[in-house]
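Participant: Have a look at this one before I ask anything.
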Amino acid sequence: MGRQETVAMILAGGQGTRLGVLTEHVAKPAVPFGGRYRIIDFPLSNCTNSGIETVGVLTQYEPLELNRYIGNGHSWDLDRNNGGTYILPPYQSITGSDWYKGTANAIYQNISFIDRFNPDFVLILSGDHVYKMDYSKMIRQHQETNADATIAVIEVPWEETHRFGIMNTDEEANIIEFDEKPEHAKNNLASMGTYCFSWPVLKNYLILDEHDKESENDFGKNIISAMLADKQSLKAYTFNGYWKDVGTIYSLWESNMDLLDRPEDINLHDDSWRIYSRNPIRPSHYIGPDAVMDRVSVTDGAVIYGSAIHSMLSDSVFIEEGATVKDSFLMPGVVVKKGSNLNRCIVGMNTVIGENVQVGPEVEGGIDFYHDERVCTEGITVFEQNLIINDDIKFAANSMVYAPTADDGFNEIVIGLSELELMTEV
Amino acid sequence: MVIDAMGLILADHDHVTLSNLTQPRALAAVPFAGRYRIIDFILSNMVNSGIKFVGVLAESKYRSLMDHLGTGASWDLDRMTQRLFILPPFMNTSLRRGDPTSNLSGLLDYVENGNQTHVVIADSNVVMNESYTDIYKAHIESGADITALYNRDGDRFGSPVISLDFDSNGRMNDLLLNAPDTAKATNFLGLTIISRDLFLNILGMMIARGQDEFSQLTLLKMFKDLNIVGYEHRGRSLRINSVATYYSASMKLLEKTTLDDLFRRDRLIYTKVKNEAPAEFLEGCKAKNLLSSDGCRIKGEVENSIFFRSVQVGKHASVKNSIIFQDVVIQDGVILDHVIIDKDCVIRTGVELKGQPDYPVVIEKGAIV
């Protein structure tokens with residue numbers, strides 16, 4: 001393997017508990033997004049478009065679907081002779097075996113992988129953010145300022161600063177303090193979880209961090225704090241553009257609606273910055289003779305006979321005559337049968353909604369068996385993947401409909417599981 | 001049954017031109033069904049039938065064809081053991097055989113280099129989703145020299161129609177070009193199977209005689225000397241012999257049964273990957289009976305039409321019964337009915353174009369109207 005100036009490491013091992021049943025069998029980076037993408041398409045495509053040729057993907061939680069999806073990186077042009085994509089799960093060694101204990105520990109366990117490329121810089125990226133970013137600009141700033149670490153930051157509204165890791169900077173963009181989710185923020189520059197490190201410096205701090213028994217092995221909390229304490233040179237790189245951590249049901253729903261309402265924010269039609277994905281092998285989409293299409297995004301293999309209003313429809317979705325889907329995000333392969341009304345829903349892959357099913361905040365007398373306001377907020381209802389939902393069911397809003405466990409067995413609401421779709425993507 | 005055959009696709013057809021649509025490109029590279037080109041169906045059929053070597057004989061205007069095919073990766077034909085060969089006109093300077101500049105030398109080399117027992121030869125004017133296993137099996141069992149695919153679709157599909165007649169033993173005994181009554185006849189469906197040795201022999205003789213254009217008609221005309229038998233195709237096929245038949249074949253795609261027959265889950269049709277963003281149906285649009293593709297942005301009224309990738313339709317525009325190729329911009333208020341618009345055109349506000357089902361208006365590639 002040849003030397004690589006930059007190696008990117010994508011943290012893709014997190015479970016994403018706040019996405020509820022959507023991450024029951026799939027790691028968060030592999031969750032469908034925007035009709036024909038998975039969330040990890042964004043950082044992967046950003047790498048390709050930024051000229052980064054070596055990408056390590058750190059997986060841990062439910063990696064099957066994610067591994068299958070990434071394959072050898074071909075779809076992102078990352079199947080290269082020199083460099084390429086590497087899936088990096090935790091492994092066993094002579095000294096024992098360890099799960100990745102934290103984000104920093106995940107990189108620590110792969111020091112020898114990175115060393116093989118002898119890079120100057122290592123980019124640490126998150127596998128579950130939706131944004132278009134030219135990393136090469138950040139790397140250039142990192143080089144020009146001779147920084148030890150450069151952290152991408154984005155301006156967030158002051159009232160939301162308590163949700164983010166806030167970077168307090170001086171007038172030369174030096175980071176002087178790191179406030180994790182502050183109650184009274186001094187600044188509104190939030191860390192995007194995107195870091196550029198000079199590799200020898202990072203390697204040193206990873207080893208020190210590993211020996212610190214008190215450490216939580218987290219990049220923000222531990223590595224950055226330790227570097228600040230040691231007065232290392234940490235610079236902020238301000239990113240302007242759309243960026244979203246799709247960590248909750250609401251933010252996943254909202255960011256899909258953003259694509260409909262403000263498509264220019266993350267312009268997916270931009271030829272100079274394509275977002276690549278694995279492409280379903282499906283014909284063009286078909287809109288039936290009595291269909292209604294009003295502010296809808298739709299892609300290959302979808303067939304619409306009913307009404308779709310302000311919704312994101314993924315590939316191979318089928319909406320029967322007389323069914324209405326509104327303010328919803330349907331993942332690939334979802335079937336909505338006639339007479340059903342879905343309002344504010346996220347429906348997982350290949351789930352079949354029976355006839356005359358009613359979902360939405362306006363529905364009265366809906367069953368509240370699946371009601372779950374910890375995960376589903378703002379009137380949004382979520383269906384797990386592969387469910388078959390019985391006819392004539394009404395759901396209370398904020399439900400999270402899941403497959404019964406083996407002990408429970410099917411009930412009269414979830415009457416079975418749809419057949420596993422054969423994977424037909426290139 | 002495992003097919004032991006190499007594939008040969010004839011990208012051009014002596015008798016088939018589609019007016020402005022084949023001006024800039026080979027027949028095989030003509031866009032079809034929203035996100036495909038005609039050759040995608042033939043290539044996918046071959047690959048799905050287990051054919052591992054495919055040659056594409058290109059006579060002219062093959063730039064867009066080569067661009068589309070690339071290394072063959074989209075059809076898994078860029079492998080150690082599965083390959084795509086593009087055979088453009090060949091300038092042979094060696095004096096090894098007859099005419100040193102024969103266009104057929106490249107084809108001969110391709111066929112010689114194969115180690116399969118048979119060759120499946122396909123024209124580019126028929127679209128279907130078919131496995132070639134059954135016809136191959138029939139060919140082996142009959143022991144014929146050549147097996148030709150035909151059907152009795154009874155459709156009015158325009159010239160050229162090659163009608164084949166067979167004697168009571170099933171051996172071909174007559175060939176009619178554009179016979180008066182083709183609707184009832186058994187009409188050639190653009191596909192033959194022949195043994196590689198016999199094909200090499202025929203090619204060798206053609207080169208020796210200084211003939212340098214090969215078509216399947218050449219083979220079929222040998223019915224007196226060779227045992228040619230037919231194999232009837234009963235599935236869906238769409239013939240594309242003229243602009244009018246291209247138009248009617250495309251419009252058949254708006255029928256669910258046609259779509260289901262062409263795009264089966266068990267035999268996928270592959271095409272070049274474009275990574276286009278999803279299509280957007282924007283505020284104020286009306287869309288009915290439409291086959292449309294990724295990247296489209298629709299604000300106007302669209303009906304009974306086929307849109308390729310990234311078509312833009314402006315506000316209050318009306319597009320009916322039309323086929324719109326990739327990257328066409330239809331500005332606000334434009335009215336189109338029975339129109340085929342080739343790639344990269346811009347139709348400006350104020351324009352109104354109307355054709356007839358038999359004579360759709362065709363706007364050439366890149367035009368600004």
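The values are calculated or read from the model by the stated rules, or taken from the named source; none is laboratory data. Since the structure is predicted, the reported quantities are computational estimates derived from the model, not experimental observations. Cβ: placed from backbone, ideal geometry, glycine included. Neighbour counts: every protein chain shown. The protein model used for the area step is the full one, side chains on, heavy atoms only, and it has no ligands, DNA or RNA in it. Shrake-Rupley method; radii C 1.70, N 1.55, O 1.52, S 1.80 Å.
Participant: How high is the FRET efficiency from A:Asp134 to B:Asn169, r the C-beta distance, R0 56 Å, rounded to 0.05?
Facilitator: On the way: r = 71 Å, r/R0 = 1.27.
Efficiency at R0 = 56 Å is approximately 0.20.
Participant: Let me ask you something else. Mind checking the angle between helix A:135-144 and chain A's longest principal axis? C-alpha axes, 0 to 90 degrees, to the nearest 10.
Facilitator: 20 degrees
Participant: Right, something else. If R₀ is 41 angstrom, what is the calculated FRET efficiency for the pair B:Asn227 and B:Ala73, using the beta carbon separation as r and rounding to 0.05? Intermediate values should be presented prior to the final figure.
Facilitator: Values: r = 39 Å, r/R0 = 0.96.
Approximately 0.55, to the nearest 0.05.
Participant: Along Cα→Cβ, 7 Å out, is where each label goes; now give me the distance between the ones at B:Ser19 and B:Val369 in nm to one decimal.
Facilitator: 1.0 nm
Participant: Over chain B, what relative contact order in percent results from Cα pairs under 8 Å that are six or more residues apart? The partial results should precede the final answer.
Facilitator: On the way: 863 pairs, mean separation 57.2, N = 369.
The value is 16 percent.
Participant: Additional query: Tell me which aspartates and glutamates have Cα within less than 19 Å of A:Lys101's Cα, excluding those fewer than 8 residues away on the same chain?
Facilitator: A:Glu62, A:Asp128, A:Asp209, A:Glu210, A:Asp212, A:Glu214, A:Glu216, A:Asp218
Participant: State which entries of A:Lys132/A:Lys394; A:Lys244/B:Lys343; A:Lys28/B:Lys343; B:Lys252/B:Lys272 exceed 28 angstrom in Cα-Cα distance in the structure shown. Could the numbers behind the result be given before it?
Facilitator: Details: A:Lys132/A:Lys394 39 Å; A:Lys244/B:Lys343 36 Å; A:Lys28/B:Lys343 39 Å; B:Lys252/B:Lys272 23 Å.
A:Lys132/A:Lys394; A:Lys244/B:Lys343; A:Lys28/B:Lys343, as the Cα separations exceed 28 Å there.
Participant: For n ≥ 4 DSSP H runs only, could you compute -39500 (n - 2.57) per run for the protein assembly as shown, divide by its residues and tell me the 222 nm figure to the nearest 500?
Facilitator: On the way: 16 runs with 142 residues, N = 795.
Calculated from helices alone, the mean residue ellipticity at 222 nm is -5000 deg cm²/dmol.
Participant: By DSSP, what percent of the beta bridges with both residues in the protein assembly as shown are antiparallel, rounded to the nearest 5? Don't skip to the answer; put the middle values down first.
Facilitator: Numbers: 57 of 161 bridges.
Of all bridge pairs located within the protein assembly as shown, approximately 35 percent are antiparallel.
Participant: Output the 0 to 90 degree angle, nearest 10, between the alpha-carbon long axis of helix B:196-208 and the longest principal axis computed from the alpha carbons of chain B.
Facilitator: The answer is roughly 90 degrees.
Participant: Just to check I understand the Karplus step: with θ = phi - 60° and J = 6.51 cos²θ - 1.76 cosθ + 1.60, what whole-Hz values come out for the stretch B:45-55, glycine and proline as x?
Facilitator: Computed from phi, the couplings for the stretch B:45-55 are 4, 5, 5, 5, 8, x, 7, 10, 10, 10, x Hz.
Participant: Net charge near B:Asn275, counting Lys/Arg +1 and Asp/Glu -1 over other residues with Cβ under 11 Å of its Cβ?
Facilitator: Values: positive: A:Arg36, A:Arg274, A:Arg278, B:Lys272, B:Lys274, B:Arg309; negative: A:Asp41, A:Asp77, A:Asp271, B:Glu276, B:Asp294.
Residues near B:Asn275 contribute +1 overall.
Participant: Report relative contact order for chain A in percent, whole number only (criteria: Cα-Cα under 8 Å, sequence separation at least 6).
Facilitator: So the answer I get is 13 percent.
Participant: Could you order the peptides B:52-61, B:239-248 from most to least packed, using the average number of other C-beta atoms within 10 Å per residue? Walk me through the numbers before you get to the answer.
Facilitator: Values: B:52-61: 21.2, B:239-248: 22.9.
Answer by packing, highest mean first, reads B:239-248, B:52-61.
Participant: Taking amide H atoms as placed 1.01 Å from N in the peptide plane, list the residues 5 or more away in sequence, or in a different chain, whose amide H sits under 5 Å from that of A:Lys101.
Facilitator: Long-range HN contacts for A:Lys101: A:Ala106.
Participant: If amide hydrogens are placed 1.01 Å from N in the peptide plane, which non-local residues have theirs closer than 5 Å to the one on A:Arg295?
Facilitator: Sorted by chain and number, the residues that satisfy this are A:His310, B:Leu282, B:Glu283, B:Gly284, B:Cys285.
Participant: Further question on the same structure: Under 14 Å from the Cβ of B:Ile140, count the other residues' Cβ atoms, weight Lys and Arg +1, Asp and Glu -1, and hand me the total.
Facilitator: Counting the neighbours of B:Ile140, the net charge comes to -2.
Participant: Ok, one more. Show the residues, 5+ positions off or on another chain, whose built amide H is closer than 5 Å to the amide H of B:Leu353.
Facilitator: Residues meeting the amide H criterion: B:Ile335, B:Leu336, B:Asp337.
Participant: Could you rank the peptides A:217-230, A:17-30, B:118-131 by their average count of other C-beta atoms within 10 Å per residue, with the highest value first?
Facilitator: Details: A:217-230: 18.5, A:17-30: 21.9, B:118-131: 23.8.
Result, highest mean Cβ count within 10 Å first: B:118-131, A:17-30, A:217-230.
Participant: Counting only other chains, what is the mean number of Cβ atoms within 10 angstrom of the Cβ of each residue in peptide B:349-355? Can you show the working numbers first?
Facilitator: Details: counts 0, 0, 0, 0, 0, 0, 0.
Per residue, the average neighbour count from other chains is 0.
Participant: Moving on. Could you calculate the FRET efficiency of A:Lys101 with A:Glu172 from 1/(1 + (r/R0)^6), where r is the beta carbon distance between them and R0 is 45 Å, rounded to 0.05?
Facilitator: Values: r = 35 Å, r/R0 = 0.78.
With R0 = 45 Å, the Cβ-Cβ based efficiency is 0.80.
Participant: Kindly write out, for the stretch A:328-345 in residue order, the coupling ³J(HN,Hα) from the Karplus curve 6.51 cos²θ - 1.76 cosθ + 1.60 (θ = phi - 60°), rounded to whole Hz, with x marking Gly and Pro.
Facilitator: With the stated coefficients, the stretch A:328-345 comes to 10, 10, 9, 7, x, x, 6, 10, 10, 7, 4, x, 7, 10, 10, 10, 6, 10 Hz.
Participant: Using the crude model of +1 on Lys and Arg Cβ and -1 on Asp and Glu Cβ, and no other charge, please compute the dipole size for the stretch A:207-299 relative to its Cα centre, in debye to 20. Don't jump to the answer; show the numbers that get you there.
Facilitator: Working: 10 positive and 17 negative charges, 55 e Å.
Dipole size: approximately 260 debye.
Participant: Helix B:243-252 versus the longest principal axis of chain B: what is the Cα-based angle in degrees, 0 to 90, to the nearest 10?
Facilitator: 70 degrees
Participant: Now for a different question. How many partner chain Cβ atoms sit within 10 Å of a residue's Cβ in peptide A:276-283, on average, as a whole number? Each step should come with its number before you reach the end.
Facilitator: Numbers: counts 2, 2, 2, 8, 1, 9, 5, 13.
Going residue by residue through A:276-283 and averaging, the value is 5.
Participant: Keeping all protein chains in the complex and leaving out DNA, RNA and ligands, what accessible area do you get for A:Ser112 with a 1.4 Å probe, in Å² to the nearest 10?
Facilitator: Estimated to the nearest 10 Å², A:Ser112 gives 80 Å².
Participant: Let me ask something additional. Sorted by packing (mean other beta-carbon atoms within 10 Å per residue), highest first, where do B:33-42, A:352-361 land? It would help to have the intermediate numbers written out before the result.
Facilitator: Values: B:33-42: 25.8, A:352-361: 21.0.
Highest-to-lowest ranking by the protection proxy: B:33-42, A:352-361.
Participant: In addition: Just to confirm a number: summing +1 for Lys and Arg and -1 for Asp and Glu over residues other than B:Leu191 whose beta-carbon lies under 13 angstrom from that of B:Leu191, what do you get? Please report the intermediate quantities before stating the final value.
Facilitator: Values: positive: B:Arg239; negative: B:Asp123, B:Glu130, B:Asp134, B:Glu232.
In short, -3.
Participant: Can you list the HN-Hα couplings for the stretch A:181-187, worked out from phi with the Karplus curve (6.51, -1.76, 1.60; θ = phi - 60°), rounded to whole Hz and with x for Gly and Pro?
Facilitator: Once rounded to whole Hz, the list reads 6, x, 6, 10, 6, 9, 8.
Participant: Give the shape of the stretch A:32-163 as rounded, prolate or oblate, defined through the alpha-carbon gyration tensor: a ≥ b ≥ c are the square roots of its eigenvalues, a/c under 1.5 means rounded, and otherwise the shape is prolate if a/b is larger than b/c and oblate if not.
Facilitator: Numbers: a/c = 1.29, a/b = 1.19, b/c = 1.08.
It comes out rounded by the Cα gyration axes.
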